[in-house]
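Okay, so here's the structure we're looking at.
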């Protein structure tokens, strides 16, 4: 079904950092509130509303002049020159309506222009069991159809599904998985939960993966929801901590990132501590992320911001703090795009939420 959504072309003036009276919250599955961190003076920026009235959007991608977004209830949107097309999705299994679950990660195939194929990550229920799976999709007659299961029965509990998909500079498919609310599986190399997974695009195991006959690339993760690479092909991930202690990690093959043994600033031999952490007195609930010019941009759900991490100076600041929960980020050419996620049951939706915004990188 094709429909026009209202497009706001007027610029919006906003604050580029948290104000002193803004209260941060803890990670996505916590109700507690902690002490306010230091902030910087605000900067003025012009924000453009690209589309609105979205239903729990989760991933944003782009090809040529078209944006692609997933909505957790089970649709894929395209946005082209202000026109929004909600495309149908036919899956082999029924999407789960559990908290944080549904249609999550989505990435277009490198040969999308020839094959009309993409990859997706979704949560489904069968009987009393709930799992995540990674699939191949093909677009035919404005409908996306599940054409191949690449990896199935990834653990999925009441929360902590992970779900981010990205194709790396090595042309491998990477996926983040959560601990499915069973922390111990993050340390279990026989489990796919609480891991960064690495697949060939046909679903087979890469020969150079760190563990024999295993999709596991790194382990000891609680609920990672962001992946990106820098110009030197270093892989970064964003991860939800337990109430606080959210993390930005440098992901290396075969390494153990500690959960549930250590988190945040804690250290232990044989385990990797994060590059950045929110610490025990603050939270971000980080999700999608992107890289540009020695800087990581990370969406923050509880943090209600796009977080900027300077990799040269190790400085942090919060951007775009007036739009509520931010789920994903995409950088395309001169623009940074981000999507709000206030309709996911944990936010406070404003009129016409959720929305896609964009800003010139040169204005940040």
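Each reported figure results from applying straightforward, stated rules to the coordinates on display, with no laboratory input. Everything numeric here is computed off the predicted structure, so don't read it as measured data. Because the Cβ atoms are built from the backbone with ideal geometry, glycine has one as well, and the counts that use them run over all protein chains shown.
Observations on the structure shown:
- Taking other Cβ atoms within 10 Å as a rough exposure proxy, 59, 321 sort from fewest to most as 321, 59.
- The chain: antiparallel DSSP beta bridges as a percent of all, rounded to 5: 95
- Dmax and Rg, reported as Rg then Dmax, of the chain (C-alpha, Å): 19.0, 55
- Per-residue Cβ neighbour counts within 10 Å put 189, 201 in the sequence 189, 201, beginning with the fewest.
- Shape summary of region 209-364, radius of gyration then Dmax from alpha carbon positions: 15.8, 51 Å.
- Per-residue Cβ neighbour counts within 10 Å put 176, 75 in the sequence 75, 176, beginning with the fewest.
- Computed over region 2-363, relative contact order equals 16 percent, with contacts defined as Cα pairs under 8 Å that lie 6+ residues apart.
- Distance from region 177-212 to region 273-346 (C-alpha centre basis), Å: 25
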